[in-house]
Amino acid sequence: MILTDIAKILKKNEYEEVKLFDLIEVMRDTFRTISSLAIEKRGGFTLQVPGFGSFRIHHNQPRIGFNPKTREKINIPEKDVMKYRMSSKLKAALSQKPGRKSK
């Protein structure tokens, strides 16, 4: 799903009066801001979205891996990665079978 698809859903459901282009621009600006904050803060960055989940920066230590085809050992450098943890509400909603009502 791309930003245009999300904007179309928003326009159809809740933001009928807002131009599609404006919705896309707001979403782009929001994601650019979040990315800038994550890069700036590195290890101390956490973004929590109620009802959706949380994102955080995790530091992976350097390690030794191997090429699965040749079994040759390779050095994997350290790096920062983004981790996502799903909220319990979203997890419960996704684990329900279609047609069942939530409690």
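Counting only residues that are in a helix (DSSP H, G or I) and among the basic types (Lys, Arg), which one in the range 37-84 is modelled with the lowest pLDDT?
Per the criteria, the residue is 42.
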- Task: Evaluate the range 4-16: report whether one residue or more is of a type in the set (Val, Ile, Thr), at pLDDT 80 or above and closer than 28 Å to residue 57 by Cβ.
- Result: no
- Task: Any residue in the range 58-72 that's more than 30 Å from residue 41 (Cβ to Cβ): show its pairings with residues that are β-branched (Val, Ile, Thr) and in a strand (DSSP E or B) at Cβ separation under 7 Å, as long as the two are six or more apart or on different chains.
- Result: 66/74; 67/74
- Restricting the range 62-84 to residues that are closer than 30 Å to residue 49 by Cβ and of a type outside the set (A, V, I, L, M), which is farthest from the chain's Cα centre (by Cα)? 78
- Is it the case that residue 35 is polar (S, T, N, Q) and in the same structural domain as residue 2 (by TED's automatic domain parsing)? yes
- State yes or no: is residue 38 surrounded by 10 or more Cβ atoms within 10 Å (Cβ to Cβ), hydrophobic (A, V, I, L, M, F, W, C) and in contact (Cβ under 8 Å) with a residue 40 or more places away in the chain? yes
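Residue 16: assigned to a loop (DSSP other than H, G, I, E, B) and either assigned by TED's automatic domain parsing to the domain that holds residue 78 or more than 15 Å from the chain's Cα centre (by Cα) (or both), yes or no?
Answer is yes for this residue.
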- Message: Going by what's in this entry, would residue 8 be described as assigned to a helix (DSSP H, G or I) and on the phi < 0 side of the Ramachandran plot?
- Response: yes
- Tell me which residues, restricted to the range 22-36, are over 18 Å from the mean Cα position of the chain (by Cα) and at pLDDT 80 or above. 22, 25
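The values are calculated or read from the model by the stated rules, or taken from the named source; none is laboratory data. Note that the structure is predicted; figures quoted are calculated from it, not measured. We place every Cβ from the backbone using ideal geometry, glycine too, and count neighbours over all the protein chains shown.
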